[in-house]
Amino acid sequence: MADHAHDHHDDHHDGEGDFHVSFKGYAVGFILSVILTAIPFWLVMGKVLPTPKLTGLVILGFAAVQMVVHMIYFLHMNAKVEQGWSLLALLFTGALVVIMLSGSVWVMYHMNANMMPTPDPAAMRNMP
């Protein structure tokens, strides 16, 4: 009877893998997050890059890297946790978001280009 309870306990933690949370992991994640926040702040406040468009693109790149840092160090997402299902769910969600956003932008662009009767707003005022 005791062996059956022990087997149930082992089955409960089967999908966790050998991933352990440590203070060092949280400290590394925190330091990386501070650096990935301070650099874009410095880029904007110091007007280091020549154009605002380039500054925005660089900041988006830093934001993407910071999202990955948060997922690894704070959310503990990797291929070992839950046998990789959490990482697979994240990738599937990301693919759906990209498809929905790009499709929405594509539809709005084509609706704007195809639904406007004339490119001149002044001519639209004179229409019946």
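The values are calculated or read from the model by the stated rules, or taken from the named source; none is laboratory data. The model shown is predicted, which means the values in this text are computed figures rather than measured ones. FYI the Cβ positions are ideal-geometry reconstructions off the backbone, even for glycines, and counts take in every protein chain you see.
Worth pointing out:
- Tabulated pairs, region 60-82, first in contact (Cβ under 8 Å) with a residue 60 or more places away in the chain, second assigned to a helix (DSSP H, G or I) and surrounded by 15 or more Cβ atoms within 10 Å (Cβ to Cβ), C-beta under 8 angstrom, 6+ apart or interchain: V81/L87
- Filtering A95, A64 for residues that are within 28 Å of P40 (Cα to Cα), at pLDDT 90 or above and assigned by TED's automatic domain parsing to the domain that holds S33 leaves a single hit, A64.
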